[in-house]
1. Has region 71-87 got any residue that is more than 28 Å from Gly166 (Cβ to Cβ) and either modelled with pLDDT of 95 or more or not polar (S, T, N, Q) (or both)?
2. Which one of these does Val37 not meet: (1) under 27 Å from Val113 (Cα atoms); (2) surrounded by fewer than 18 Cβ atoms within 10 Å (Cβ to Cβ)?
3. Among the helices (runs of 4 or more DSSP H) contained in region 19-129, which hold 1 or more residues that are among the polar types (S, T, N, Q)?
4. Inspect all residues belonging to region 27-34 and state whether any of them is in contact (Cβ under 8 Å) with a residue 40 or more places away in the chain and surrounded by 15 or more Cβ atoms within 10 Å (Cβ to Cβ).
5. Show the residue pairs meeting these rules: Cβ distance below 8 Å; 6+ apart or different chains; first residue within region 136-158 and within 21 Å of Thr125 (Cα to Cα) and at pLDDT below 80; second residue of a type in the set (D, E, K, R) and part of a helix (DSSP H, G or I).
6. Quick test of your reading of the structure: His43 fulfils all but one of (1) loosely packed, with under 13 Cβ neighbours inside 10 Å; (2) closer than 19 Å to Met191 by Cβ. Name the failing condition by number.
7. Looking only at region 70-92, decide whether some residue is loosely packed, with under 11 Cβ neighbours inside 10 Å and of a type outside the set (S, T, N, Q).
Amino acid sequence: MFDVEYARWQEEHNRLMYELRAALQQHLPEGELQMYVESCLAHHDEVLAIKDAVIKGDVFHLISGVWRSPAERCFLWLGGFRPSEVIKMVLSHVDPLTEQQIVAVYGLQQSAVQTEEALSQGLDTLYQALSDTVVSDALTCCSTPNVSNYMGQMGLAVHKLTTLEGFVRQAEKLRQQMLHRLHQVLTARQMARSLLAVSDYFHRLRVLSSFWVNRNRMAPQDQQLEAGPHT
């Protein structure tokens, strides 16, 4: 169900990006361009509700990345993009920035990195605690005398796993906050360029994935081209 809803969200996202790009190329006034930017941000907010449902139902499905293309999975962090990486894209694609904007954006990046590190460290601690619970002597067998201990340890492991949902929700909140804070710092035109840069980045990863998946079929064609026409 999530995969279907996300695919629909992606289709709408592509449409909004097409409209945003057209609006940017038409050199619309800031006020008009702002409406397109706000529509895109509102659409980004919608994916949070879609993800929240799957976090409750099957958080492992979300963090596994099976709903994303193979290349995108390589860069997946707690079910989505790293906010600090998006800010790097903004800094490399949006010019010129005022000195005040540069200070604000770098401040956002530093804050994002610190929060990402804290969440990653917390996740590592959770995984270690979960591993310690699973390898406990109480789970070595399930003979009648140890059923109580076995079930108790399994219950403890399940409880630890529920905290994983909290980590993913915090990551989703960080992604949302980062986009909205960037919107507060940048002009409508700069924010439009930022959104398009991020969208183009993930589109290229999906194209790369398509080439990767079809590489075996493409190899014979490449060999034929290299061999040239037969005489």
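1. Yes, the conditions are met somewhere in region 71-87.
2. Unmet condition: (2).
3. 30-64, 83-93
4. Yes, that holds for at least one residue.
5. Listed pairs, sorted by first residue: none to list.
6. His43 satisfies every listed condition except (1).
7. No, region 70-92 has no match at all.
The values are calculated or read from the model by the stated rules, or taken from the named source; none is laboratory data. The structure presented is a predicted model; accordingly, all values stated were derived computationally and were not measured. Positions of Cβ are backbone-derived with ideal geometry, glycine not excepted, and every protein chain shown enters the neighbour counts.
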